[in-house]
Amino acid sequence: MTLARMAVLAAAFMAAAAATQPSVNAEATEKVALRIVIDGAIGPASARQLNEALAKAAERHAEAVVLEIDTPGGLVTSMREMIADILASPVPVIGYVAPAGAHAASAGTYILYATHVAAMAPGTNLGAATPVELGGLPSLPGGDEKDKGDQKSDQKNATGPPAGDAMMTKVTNDAVALIRSLAELRGRNADWGEKAVREAASLSANAALQAHVVDLVARDTAELLQLADGRTVEVAGKQQVLATRGLAVETLDPGWLIQLLAVITDPNIAVVLMLAGVYGLVFEFTSPGAVAPGVIGTICLLLGLYALNLLPISYAGFALMLLGIAFLVIEAFNPTVVLGLGGVAAFLLGAAMLLKVEGPGFEMSWALIAAAAALTLGLALLAGSYLWRARRSLPRVGAKAMHGQPARILDWSGSEGHVLAQGERWRAKADEPLAPGDSVEVADVRDLVLTVRRRNNGARQ
């Protein structure tokens with residue numbers, strides 16, 4: 001009986017395993033294309049979003065990753081991280097400038113050049129990939145003939161950075177080398193890529209297709225996958241034929257951490273977080289036990305420091321901003337004109353120097369910086385005025401507040417006795433004879449003993 005029951009159980013188990021096996025295999029072999037959307041400035045959040053998406057695509061053995069781009073540009077450091085991830089990806093990446101009206105400007109152009117298949121939707125454009133100067137001033141696309149005479153003859157008479165600007169020359173030449181290397185790797189128009197860098201040239205979707213800058217023009221993702229099917233691309237050093245026709249498309253939305261990163265890595269938000277953190281800690285130190293300002297201030301300060309750590313900041317500018325805030329805090333507790341003006345000047349100079357290289361979407365807002373400086377100075381002046389007024393006013397508590405206060409003799413013997421002052425019984429002494437009921441006033445307080453003297457010519461109450 002036992003053997004029969006065991007045989008039945010074994011048969012049931014094998015039947016269940018056989019029933020579930022097809023669904024597992026079907027799930028494992030299901031072909032899918034993962035889609036991610038980069039909408040906005042290229043920054044640390046964009047780089048992390050792409051990195052995580054490519055890792056997930058490799059883990060799931062996806063047929064392709066559709067990178068939908070709509071960006072005005074961004075930070076060079078983040079752009080290079082994204083390019084490195086695309087070049088090292090074991091899954092083909094299809095760059096797609098979409099929807100209609102979108103653009104892949106500046107850093108977006110380099111990223112599109114790096115993708116295995118480059119595509120655009122009708123009504124989109126790309127280009128304007130000229131680097132940005134230190135301090136955030138855009139390089140001038142033109143120049144007079146005297147400036148052009150100093151350019152090398154192999155630049156094909158293209159305009160470039162102003163003569164004598166060695167730093168911008170190096171940055172521009174490095175950008176040209178990058179985009180040409182990507183164009184040569186993917187078999188695209190390298191000359192136009194150099195023109196986009198040196199002259200900030202731009203192209204529409206159809207013009208880009210005719211100039212061999214992109215490979216496809218597609219109205220939507222479904223058409224894009226259909227047109228990309230059968231193309232041979234080089235993925236991680238190996239030739240691979242794309243099989244994208246009819247693939248199911250799954251969109252990977254950024255997680256909450258990436259969304260938070262996108263917010264706090266805005267340099268203006270990072271500066272606001274820093275200010276909130278500093279003032280939260282100042283309020284906590286000046287009012288111990290409040291707790292909330294200290295907790296909120298610490299969180300804001302750490303978030304601001306984390307955000308600034310991800311951005312290409314100038315530590316000299318950051319130090320000047322902190323020095324300016326310190327001067328203004330000292331000004332609030334020890335009012336002087338010099339510290340207040342010096343704090344504002346240091347804060348503004350530090351804000352101007354904060355970012356080493358600014359990109360679209362990462363510019364410092366002078367309206368915000370000026371408002372923050374004005375608010376900081378206003379708070380310092382307000383606190384200083386209250387402090388100055390408190391110093392000039394008469395004391396209200398403590399020994400000094402007792403000076404001149406009226407008192408009445410309760411009992412007296414020789415030069416000592418007890419008096420009633422401010423509703424309390426005090427020990428007192430005097431240098432003149434007194435009697436119970438005399439009206440006196442407090443001349444001094446020492447060791448909880450009042451020194452009193454006659455008041456109103458010693459008249460009794």
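The values are calculated or read from the model by the stated rules, or taken from the named source; none is laboratory data. Please read these numbers as outputs of a predicted model, since none were measured by experiment. Because the Cβ atoms are built from the backbone with ideal geometry, glycine has one as well, and the counts that use them run over all protein chains shown.
Overview of values
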| item | result |
| --- | --- |
| Residue among Gly294, Gly237 that is on the phi > 0 side of the Ramachandran plot and surrounded by fewer than 20 Cβ atoms within 10 Å (Cβ to Cβ) | Gly237 |
| Any chance Asn206 is free of Cβ contacts under 8 Å to residues at least 40 places away in the same chain and more than 20 Å from Val66 (Cβ to Cβ) | no |
| Candidate set from the stretch 251-301 (those that are among the hydrophobic types (A, V, I, L, M, F, W, C) and not in a helix (DSSP H, G or I)); member that is farthest from Glu63 (Cα to Cα) | Ala290 |
| Enumerated helices (runs of 4 or more DSSP H) restricted to the stretch 28-131, each holding at least 3 residues that are within 21 Å of Ala196 (Cβ to Cβ) | 76-88, 107-114 |
| Test: residue in the stretch 439-448 that is assigned by TED's automatic domain parsing to the domain that holds Ile269, modelled with pLDDT of 75 or more and within 60 Å of the chain's Cα centre (by Cα) | no |
| Subset of the stretch 385-420 (residues that are modelled with pLDDT of 85 or more and among the aliphatic types (A, V, I, L, M)) | Ala407, Ile409, Leu410, Val419, Leu420 |
| Scan of the stretch 63-84 for residues that are surrounded by fewer than 24 Cβ atoms within 10 Å (Cβ to Cβ) and touching a strand residue (DSSP E or B) at 6+ places or on another chain (Cβ under 9 Å), ordered by number | Glu63, Glu68, Asp70, Pro72, Val76, Thr77 |
| Among (1) aliphatic (A, V, I, L, M); (2) at pLDDT 95 or above; (3) crowded, with 24+ Cβ neighbours inside 10 Å - the single one Ala121 does not satisfy | (3) |
| Residue among Arg231, Arg245, Arg219, Arg198 that alone is among the basic types (Lys, Arg) and buried (at least 21 other Cβ atoms within 10 Å of the Cβ) | Arg198 |
| Neighbours by Cβ (under 7 Å, 6+ apart or cross-chain): first from the stretch 323-334, surrounded by fewer than 17 Cβ atoms within 10 Å (Cβ to Cβ); second of a type in the set (D, E, K, R) and modelled with pLDDT of 75 or more | none |
| Residue tally, condition of a type in the set (Phe, Trp, Tyr) and within 22 Å of the chain's Cα centre (by Cα), over the stretch 313-347 | 3 |
| Any chance Leu354 is at pLDDT below 80, surrounded by 14 or more Cβ atoms within 10 Å (Cβ to Cβ) and within 25 Å of Tyr315 (Cα to Cα) | yes |
| Flag for Ala316 being at pLDDT 80 or above and either farther than 19 Å from Ala276 by Cβ or not assigned by TED's automatic domain parsing to the domain that holds Leu379 (or both) | yes |
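Condition check ((1) touching a residue at least 12 places away in the same chain (Cβ under 8 Å); (2) farther than 27 Å from Met353 by Cα; (3) not assigned by TED's automatic domain parsing to the domain that holds Ala292) across all residues:
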| residue | (1), (2), (3) |
| --- | --- |
| Ala190 | no, yes, yes |
| Lys195 | yes, yes, yes |
| Val213 | yes, yes, yes |
| Thr221 | yes, yes, yes |
| Leu225 | yes, yes, yes |
| Val233 | yes, yes, yes |
| Ala236 | yes, yes, yes |
| Ala243 | yes, yes, yes |
| Ala276 | yes, no, no |
